[in-house]
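To keep things clear, I will list the structure first and then write my remarks on it.
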Amino acid sequence: MSRILDENDLKSLFSAGSPESIIQVEITEPAPKPANEKVLKPAKFNLAVLVKFVGLFFGIFFISYFLINAPALKTKLQYFYDVNLKRGNYSAVAPIPTLNPFNPASEARLVIPKIGVDAPIIWNVDEANLKDKLLLGVVHSQGTALPGESGNIFITGHSSYYSWVNSPYKDVFVLLDKLEPQDKIYIKYSSNIFTYEVTTSKVVSPTETSVMDQFPGYNLSLMTCVPVGTNLNRLIIKAEQTSTQSN
């Protein structure tokens, strides 16, 4: 006849003296690793590798920069040599425009003798077509004043562009930063020659659109990207009309 285990039976079963109550734990040591097995070590910071990488990066950057902007940089070096070392005038000085001989039907031009600029002006260009037209000359922004009108004539030109692009105007404004107050700027337009005198220059961010604002007086603004070969900022040259010659 079966019997239900009571409390005493359970105590007897799990008592300290009972063999069944002893739990044996076997601790084993890890097997030794083979002598030829490689042990991975934490990676260490390698300054020499970092220096080589940084040097390579900047080397490629500067070589690319000089190759892309070679024509503009050459012009800057030539200006430095002519003006600072030879103590003379820039070798590419453009002639001051005159009325005779002057063909009223010829294209309008912007002339800046000090920095050798003599370029056609493309009129009334909107923002969407600006990039393409800049390779054809200097560009007049749509909605700004025209020569002889009160307001602000706004003209843009490249300071540098890809060296392999075939255009004589890809770095037309590379020396724009050499202009100083009282330097002369000329615009040939509609059988007239308008003379302007530089008043101020400043560098602004690309988002500074107030430089195109219209205001009273006969004013001219020239703009290009700086530093050369970048579009980080814009150089603005301000000038005021001083005289007009007409046929």
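Here, each number is a calculation from the coordinates, and none is a lab measurement. None of the values given here were measured: they were computed from a predicted structure. Glycine also receives a Cβ, built like all others from the backbone with ideal geometry; neighbour counts cover every protein chain displayed.
One quarter of the convex hull surface built on the alpha carbon atoms of the range 69-169 amounts to 8.1 nm², the projected area averaged over directions.
So what is the relative contact order of the range 115-175, in percent, for Cα pairs below 8 Å that sit 6 or more residues apart?
Values: 106 pairs, mean separation 18.3, N = 61.
After rounding, I find 30 percent.
Charges at C-beta only: +1 for Lys and Arg, -1 for Asp and Glu. How large is the resulting dipole of the range 67-246 about its Cα centre, in Debye rounded to 20?
Values: 15 positive and 15 negative charges, 115 e Å.
Roughly 560 debye, rounded to the nearest 20.
Reported to the nearest whole Å, the Cα centre-to-centre distance from the range 50-84 to the range 183-210 is 29.
Across the range 67-246, the fraction of Cα-Cα pairs farther apart than 20 Å, rounded to a whole number, is 52%. If you wrap the tightest convex hull around every Cα atom of the range 156-247 and split its volume per residue, you get 112 Å³. In this structure, the residue pairs whose Cα-Cα separation is over 29 Å, taken from Lys76/Lys188; Lys133/Lys202; Lys74/Lys133; Lys114/Lys202; Lys52/Lys76, are Lys52/Lys76. A Förster radius of 45 Å combined with the Cβ-Cβ distance from Val54 to Asn129 puts the calculated FRET efficiency at roughly 0.65.
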